[in-house]
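Undergrad: This structure is in structure tokens; I'll ask about it shortly.
The values are calculated or read from the model by the stated rules, or taken from the named source; none is laboratory data. A quick note: this is a predicted structure, and the numbers were derived from the prediction, not measured. Glycine also receives a Cβ, built like all others from the backbone with ideal geometry; neighbour counts cover every protein chain displayed. Quick note on the areas: whole protein, heavy atoms, side chains included, nothing else; ligands and nucleic acids left out. Shrake-Rupley method; radii C 1.70, N 1.55, O 1.52, S 1.80 Å.
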Amino acid sequence: MNKKGLLIVVSGPSGAGKGTICKEVLERRDDIFVSTSATTREPRNGEIEGVNYFFISREEFERKIAEEEFIEYAEVYKNLYGTPKETVLDKLNQGENILLEIDIQGALQVKKRYPEGVFIFILPPSMAELKSRIIGRGSETPESLERRFSSAFEEIEFVNQYDYYIINDQVKRAADLMESIIDAERCKVIEDIEEIVTMFKEEV
Ligand code: ADP
Ligand code: 5GP
């Protein structure tokens with residue numbers, strides 16, 4: 001069967017554990033590829049160009065917007081982030097499953113253009129735990145910590161726009177759930193049904 005890949009979109013408040021869960025799932029599976037976004041944000045310690053992000057200037061980002069190079073883009077906490085269109089669409093057409101870890105504004109843009117994707121929202125077990133995870137990550141200044149934490153209350157209301165939610169209590173359990181969602185979506189009977197029936201009929 002020449003099946004299109006699955007577009008997996010993962011969002012949730014900063015510190016909920018999106019990066020951690022996605023990393024765990026990507027380590028377990030060789031049939032899921034992650035899309036590398038472009039951003040105008042400065043690299044954090046240890047982040048690698050082309051692996052974590054393509055770190056580009058605001059001017060270059062704006063040129064890419066004008067040339068329609070993004071499937072979606074958004075301003076998040078004063079920086080621009082965008083998903084490269086061509087790479088993602090090519091991979092899906094080649095049958096590869098692609099994972100996007102993007103913010104809610106971006107996810108809703110993707111949902112409009114590509115509703116056949118699967119949209120997953122990661123939640124923390126509690127707001128207190130969310131705060132301690134952001135602090136524990138050690139990546140934020142006091143101002144950016146407050147900005148991310150107060151946005152989280154508004155962001156959580158968007159969970160109803162998604163197909164699935166995962167409460168990230170334990171990483172292993174959350175990654176198991178994400179794998180189950182992906183596997184179930186790959187087995188969904190949608191437009192493939194004709195092809196599946198034909199495949200079995202041809203065999204006899
Ligand atoms: P996000 O990508 O959603 O901003 P991260 O994956 O960076 O979040 O996780 C935020 C912090 O919380 C990191 O320091 C990470 O190690 C920690 N973390 C993630 N998941 C869990 C978990 N289930 N239990 C405890 N700590 C976690
Ligand atoms: P961070 O700066 O912590 O890496 O990411 C901040 C936020 O930007 C996170 O919510 C992350 O999911 C989101 N993000 C990362 N890449 C993209 C992207 O390509 N598009 C959008 N819309 N959001 C992104």
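Undergrad: Residue check: is residue 10 touching a strand residue (DSSP E or B) at 6+ places or on another chain (Cβ under 6 Å), open to solvent by less than 80 Å² (accessible area, probe 1.4 Å) and either within 13 Å of ligand 2 (Cβ to nearest atom) or touching a residue at least 24 places away in the same chain (Cβ under 8 Å) (or both)?
TA: Working: touching a strand residue (DSSP E or B) at 6+ places or on another chain (Cβ under 6 Å): yes; open to solvent by less than 80 Å² (accessible area, probe 1.4 Å): yes; either within 13 Å of ligand 2 (Cβ to nearest atom) or touching a residue at least 24 places away in the same chain (Cβ under 8 Å) (or both): yes.
In short, yes.
Undergrad: Might you check whether a residue that is open to solvent by 30 Å² or more (accessible area, probe 1.4 Å), modelled with pLDDT of 95 or more and within 15 Å of the chain's Cα centre (by Cα) occurs anywhere in the stretch 57-69?
TA: Filtering the stretch 57-69 for residues open to solvent by 30 Å² or more (accessible area, probe 1.4 Å) gives 57-60, 62-69.
Now restrict to residues that are modelled with pLDDT of 95 or more: 57-60, 62-69.
Next cut, within 15 Å of the chain's Cα centre (by Cα) only: none.
No, because not a single residue in the stretch 57-69 is open to solvent by 30 Å² or more (accessible area, probe 1.4 Å), modelled with pLDDT of 95 or more and within 15 Å of the chain's Cα centre (by Cα).
Undergrad: Hand me the list of helices (runs of 4 or more DSSP H) wholly inside the stretch 87-158 holding 3 or more residues that are over 22 Å from residue 38 (Cα atoms) and away from ligand 1 (no atom under 15 Å from the Cβ).
TA: Numbers: elements: 104-113, 127-137, 142-156.
Qualifying helices (runs of 4 or more DSSP H): 142-156.
Undergrad: Here is a further query. Within 16 Å of ligand 1 (Cβ to nearest atom), in contact (Cβ under 8 Å) with a residue 40 or more places away in the chain, assigned to a strand (DSSP E or B) and open to solvent by 60 Å² or more (accessible area, probe 1.4 Å) - does that describe any residue in the stretch 22-37?
TA: First pass over the stretch 22-37, keeping only residues within 16 Å of ligand 1 (Cβ to nearest atom): 22-28, 34-37.
Subsequent filtering for residues that are in contact (Cβ under 8 Å) with a residue 40 or more places away in the chain retains 22, 24-26, 28, 34-37.
Within this subset, residues satisfying the condition of being assigned to a strand (DSSP E or B) are 34.
Next, only the ones that are open to solvent by 60 Å² or more (accessible area, probe 1.4 Å) stay: 34.
Within the stretch 22-37, one or more residues are within 16 Å of ligand 1 (Cβ to nearest atom), in contact (Cβ under 8 Å) with a residue 40 or more places away in the chain, assigned to a strand (DSSP E or B) and open to solvent by 60 Å² or more (accessible area, probe 1.4 Å).
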